[in-house]
Each structure stands twice: as structure tokens, then as C-alpha cells.
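Q: To start, I am sharing the structure in question, which I have written as C-alpha cells.
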Amino acid sequence: MTSDFDARRFKALERSGFNRIAARYADGAPLRASLQAALLDAARLAPGEKVLDLAAGPGLLARDAARRVLPDGWVLASDIAENMLAEGLRRAESEGLPDLLAAACDAEHLAFANASVDVALVGLGLFIFPDPARALAELHRVVRPGGRIALSVWGPREAVPLIARAQACIARLLPAPKVARPSVFRLGEGEALAELLGAAGFADVRVVPHTFACRFDSADDYWQAFLDLAGGAAESLARLPDATQARLRAEVAADLAEHRDGDGYVVESTVLLASARR
């Protein structure tokens, strides 16, 4: 990041944004169901294992992970946004998973003991940390020797219209932010991601692409799905005048035309799934 990037301010905005959209973020889980299943398969979870889900949000991965390791294992969901965790605990209780654990924590300063978990998961979170290398070093510390890590990140910008279409419209209509945000695509090249994991001390690194499709009944549904993923960016967009927000929606609808499929839209996007051994 640039020298004028304020990591503490950025984290505060992300926390506020994700706290505000916790329920809607959780409601959008079906859009990413195949991605979630693929990440858990890459983690190779076994009954009885101790699992940390970092940047867990409302526990989408954590709840499915719990179903694979309970009753003898446990899953701890951790996120900087406490409302996201509370939403996840509420849903876990309603789904018959009262034993899901949660702890609000900064990913770059984990409050967990050395070698305390068997597996660490990070679903679509590493790229938003101001210092991904530091977060991976922390995960290397808390995963036991021989344990595993599995994570997902967005692929290259051109392969992720789910995010890129909306971002392009925002860039055309709004002035650039005074301080740049970390790009959600900055870890979208497999070689760079593998090098980052290797530098943190992980071995047997494997990075594979996974493409999934999202169907939307309308352009407005697409725009809302983008906002429900956007965290701090959504917080900023929500403060725009109504007229500006209407212009953004119209611009998005025009750009989305090439994804038209019958009465709706189908948007395919690619993530990278990475797995490694401690």
C-alpha cells in the first residue's frame, strides 16, 4: 500500500461496513455455495479436528466446517466485525449447531495460542487485510506443525465480473478515493499467492482455479449482491445522494447486458483455492 494508507482507519471502515450488512451477507450464501464446498473439500477436514475460520463473517464456512468435525472437534469463527459473528451464532443455533465458537479479532494480531488449531480457513478474506503477509505469519503461528491451511481469493479482475462490473461503474461515475483501498484482485495470480504462502513458512502449496456462476433475476439484484459483499465500500456508497445511487444502478444495468440469460443474468467468476501444510 502507499505510504499515506491508514490501516487503522481502513479497518475501522471495514468493521463498520460489514457490521451493517451482516444479515444480508449471510442471506447471500447460496450464491457462493459451490465455492464454499470446494474450499472445505480442499481443507480435507476430518472429524475431531480443531478449526479456525478467519475473516469468518456470519459463519458461512464455519457452520459447514462444524458439521464435518463435531462432536469431538470444534470450530472457532473469528472476524473483526462483531455483528457478523453474532449473526453467525444466531444462525448456528437455529440450525442445531449451538457449539460453534466465535471471537472478534484482528487477523494481523491473533489472540490465539501457538499451535492451537489443526486447520485454518480464510474464505475470500486475505486480500482485504492491509498486510496479508503478517496475517499468514499469524496463521502459521497458531496452526500446529503438520496442520493445514485452505483459503480462497478472487482471481484476476477480468475473470471476476461479479465484482469488476460494479467497480468499473463506480470508477466512471465517482472521483477516485483520496486514499486507495487494497484491491480485492491483488492476490489473483496463482504464482504470487503461492509465493506469499511459501514466504510465511507453509509447504506443499497448491493453488487451483474454481469458477462458479451466480444467477440474478434483475440488474438491481446484481447490484445488491455486490453491495452485500463490499464491506467498507458499501458503507461509503450508502452515504451518497439518492440521485447518485440511482445513476450507479442505471450504469450497472447497462454494463450487465452482456450477461443476459433469458429473463435474468448469469455472471461467472473465478476464484483461486489455495491449500498448504504447516
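Q: How far, in degrees from 0 to 90, does helix 161-173 lean away from the longest principal axis of the Cα atoms of the chain, to the nearest 10?
A: Relative to the chain, helix 161-173 is tipped by roughly 50 degrees.
Q: Further question on the same structure: Could you list log10 I(q)/I(0) for the range 95-173 at q = 0.15, 0.22 Å⁻¹, which the Debye formula gives when each Cα is one point scatterer?
A: Relative scattering, expressed as log10 I(q)/I(0), comes to -0.70, -1.05.
Q: Relative to the compact globular guide of 2.2 N^0.38 Å, what is the alpha carbon radius of gyration of the range 19-80, as a ratio?
A: 1.11
Q: May I ask for the distance between the Cα centers of the range 107-132 and the range 167-197, given as a whole number of Å?
A: Cα centroid to Cα centroid, the span is 20 Å.
Q: Okay, moving on. Excluding ligands and nucleic acids, what accessible area in Å² is computed for Ser218 using a 1.4 Å probe, to the nearest 10?
A: Rounded to the nearest 10, that gives 40 Å².
Q: In nm, to one decimal, how far is the Asp221 label point from the Ala171 one, both placed 7 Å along Cα→Cβ?
A: 2.8
Q: Now for a separate question. Can you tell me the 0 to 90 degree angle between the C-alpha axis of helix 7-20 and the longest principal axis of the chain, rounded to 10?
A: 80
Q: Next question, about the same structure. With only alpha-carbon atoms counted, please give the Rg and Dmax of the range 161-247, in Å.
A: Cα only, the range 161-247: 16.6, 51 Å (Rg, Dmax).
Q: Another question, then. Of all trypsin sites (Lys or Arg not before Pro) in the range 17-68, which ones are in loop regions per DSSP and have a Cβ with at most 14 other Cβ atoms within 10 Å?
A: In loop regions of the range 17-68 (DSSP not H, G, I, E or B), the sparsely surrounded trypsin sites (Lys or Arg not before Pro) are Arg44.
Q: Given the Cα-Cα distance of Glu195 and Ala180 and 0.36 nm per residue of separation, how much length would full extension add, in nm?
A: 3.0 nm
Q: What residue among Tyr25, Tyr222, Tyr265 has the largest mean-square fluctuation in a Gaussian network model of the chain, using Cα springs under 10 Å?
A: Taking springs between Cα atoms under 10 Å, the residue moving most is Tyr265.
Q: Rounded, prolate or oblate: which fits the range 204-272 when a ≥ b ≥ c are the square roots of the eigenvalues of the alpha-carbon gyration tensor, with rounded for a/c under 1.5 and prolate only if a/b beats b/c?
A: Oblate shape, in that a/c is at least 1.5 and b/c is the bigger or equal ratio.
Q: Given a 10 angstrom Cα cut-off, can you work out which residue in Asp228, Asp118, Asp99 is the most mobile in a GNM of the chain?
A: Maximum fluctuation in the GNM of the chain, among the listed residues, is at Asp99.
Q: Tell me, what is the Rg over Rh of the range 1-139, with Rh the Kirkwood radius over Cα pairs?
A: 0.96
Q: Have a look at Leu237, Leu124, Leu100 and tell me which one the Gaussian network model of the chain (Cα, springs below 10 Å) gives the largest fluctuation.
A: It is Leu237.
Q: Using a simple spin-label model with points 7 Å from Cα along the Cα→Cβ vector, what separation in nm is obtained for Arg260 and Arg9?
A: Here the answer is 4.3 nm between the modelled labels.
Q: To the nearest 0.05, how large is the calculated FRET efficiency for Asp204 and Arg68 if R₀ is 22 Å and r is the Cβ-Cβ distance?
A: 0.55
Q: Let me ask another. Which value in deg cm²/dmol, rounded to the nearest 500, describes the helix-derived mean residue ellipticity at 222 nm for the chain, given -39,500 (n - 2.57) per DSSP H run of n ≥ 4 and division by the residue count?
A: Value at 222 nm, helices only: -12500 deg cm²/dmol.
Q: Another question about this same structure. Could I have the simple spin-label model distance between Glu93 and Ala238, label points 7 Å from Cα toward Cβ, reported in nm to one decimal?
A: Between Glu93 and Ala238, the label points sit 2.3 nm apart.
Q: Next up: Please compute the length gained on full extension between Arg157 and Ser16, using 0.36 nm multiplied by the number of residues separating them and subtracting their Cα-Cα distance.
A: Computed gain between Arg157 and Ser16 is 48.2 nm.
Q: Hey, what's the Kirkwood Rh for the range 73-217 if you take every pair of different alpha carbons, in angstrom? Let's see the in-between values first.
A: On the way: mean 1/r = 0.0578 Å⁻¹.
Across the range 73-217, the inverse of the average 1/r is 17.3 Å.
Q: Still on this structure, please answer the following. Considering only DSSP beta bridges where both residues belong to the chain, give the percentage that are antiparallel (nearest 5).
A: Bridges in the chain that DSSP calls antiparallel: roughly 50 percent.
Q: How big is the range 235-278 by Rg and Dmax over its Cα atoms, in Å?
A: Both quantities, over Cα of the range 235-278: 17.0, 51 Å.
Q: By per-residue mean of other Cβ atoms within 10 Å, what is the highest-first order of 147-157, 266-276? Walk me through the intermediate numbers first.
A: Numbers: 147-157: 22.7, 266-276: 20.5.
Descending packing order for the listed peptides: 147-157, 266-276.
The values are calculated or read from the model by the stated rules, or taken from the named source; none is laboratory data. In this text, all values refer to a predicted model and were calculated from it rather than measured experimentally. A quick note on method: Cβ atoms are made from the backbone with ideal geometry, for glycine too, and the neighbour counts reach across all protein chains shown. Accessible surface areas use protein heavy atoms only, side chains included; no ligands, DNA or RNA. Shrake-Rupley method; radii C 1.70, N 1.55, O 1.52, S 1.80 Å.
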